[in-house]
1. Inside region 49-69, can you point out the residues that are surrounded by 10 or more Cβ atoms within 10 Å (Cβ to Cβ) and of a type in the set (A, V, I, L, M)?
2. Pick from Leu82, Leu70, Leu102, Leu98: which is modelled with pLDDT under 90 and within 15 Å of the chain's Cα centre (by Cα)?
3. How many of the residues in region 24-42 are touching a Phe, Trp or Tyr at 6+ places or on another chain (Cβ under 7 Å) and over 16 Å from Leu74 (Cβ atoms)?
4. Take Gly41 and decide whether it is surrounded by 13 or more Cβ atoms within 10 Å (Cβ to Cβ), small (Gly, Ala, Ser) and modelled with pLDDT of 90 or more.
5. Write out, first by first residue and then by second, each pair whose Cβ atoms fall under 7 Å of each other, whose residues are 6+ apart or on separate chains, and whose first residue, in region 43-57, is part of a strand (DSSP E or B) while the second is of a type in the set (S, T, N, Q) and surrounded by fewer than 11 Cβ atoms within 10 Å (Cβ to Cβ).
6. If you take the residues of region 3-31 that are among the charged types (D, E, K, R) and modelled with pLDDT of 95 or more, which of them is surrounded by the most Cβ atoms within 10 Å (Cβ to Cβ)?
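The values are calculated or read from the model by the stated rules, or taken from the named source; none is laboratory data. Only a predicted model underlies this, so the values are computations on that prediction, with no experimental measurement involved. Because the Cβ atoms are built from the backbone with ideal geometry, glycine has one as well, and the counts that use them run over all protein chains shown.
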Amino acid sequence: MIGLRLFRAMSSSLQQRGFSAAALWVLRENLRARRFYERLGGKVFAEREDVRDGATLVELVYGWPDLNQLNRLLARSFLGNLTDDAYGQMIRRGIESLAKKLDATVSNPNRSISA
């Protein structure tokens, strides 16, 4: 959940600054991070080797060419995670209740909606 929040903040911040795409480097062996990026639609665009202190690190660049699309996916992922906890269930019940009231109002335009 924290990862989604951070990624959402990063994506929104980049978009507010006028960027339309994003990319980042990750170690090839960091499978957990790679799965996270792939679930968010990230694609591998390049690979490089970096030699440090005699060790060779292989890095991959993940990219998102469309931040609008990424933000839509992040919103769905974020809402999906909310429904897994008690707070999310409370929000979902509130939304469902409001939807029922709206449906009833559409059926009977003389009825007002109360919270």
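1. Leu57, Val58, Leu60, Val61, Leu67
2. Only one candidate qualifies: Leu82.
3. So in region 24-42, the residues touching a Phe, Trp or Tyr at 6+ places or on another chain (Cβ under 7 Å) come out as 24, 26, 37, 40-42.
Checking which are over 16 Å from Leu74 (Cβ atoms) leaves us with 26.
Of the residues in region 24-42, 1 are touching a Phe, Trp or Tyr at 6+ places or on another chain (Cβ under 7 Å) and over 16 Å from Leu74 (Cβ atoms).
4. For Gly41, the condition - surrounded by 13 or more Cβ atoms within 10 Å (Cβ to Cβ), small (Gly, Ala, Ser) and modelled with pLDDT of 90 or more - is met.
5. Short answer, once both residue conditions are applied: Glu49/Thr56.
6. Narrowing region 3-31 to residues among the charged types (D, E, K, R): 5, 8, 17, 28-29.
Checking the rest, the ones that are also modelled with pLDDT of 95 or more come to 28-29.
Details: Arg28: 13, Glu29: 10.
Looking at the filtered set, the residue picked out is Arg28.
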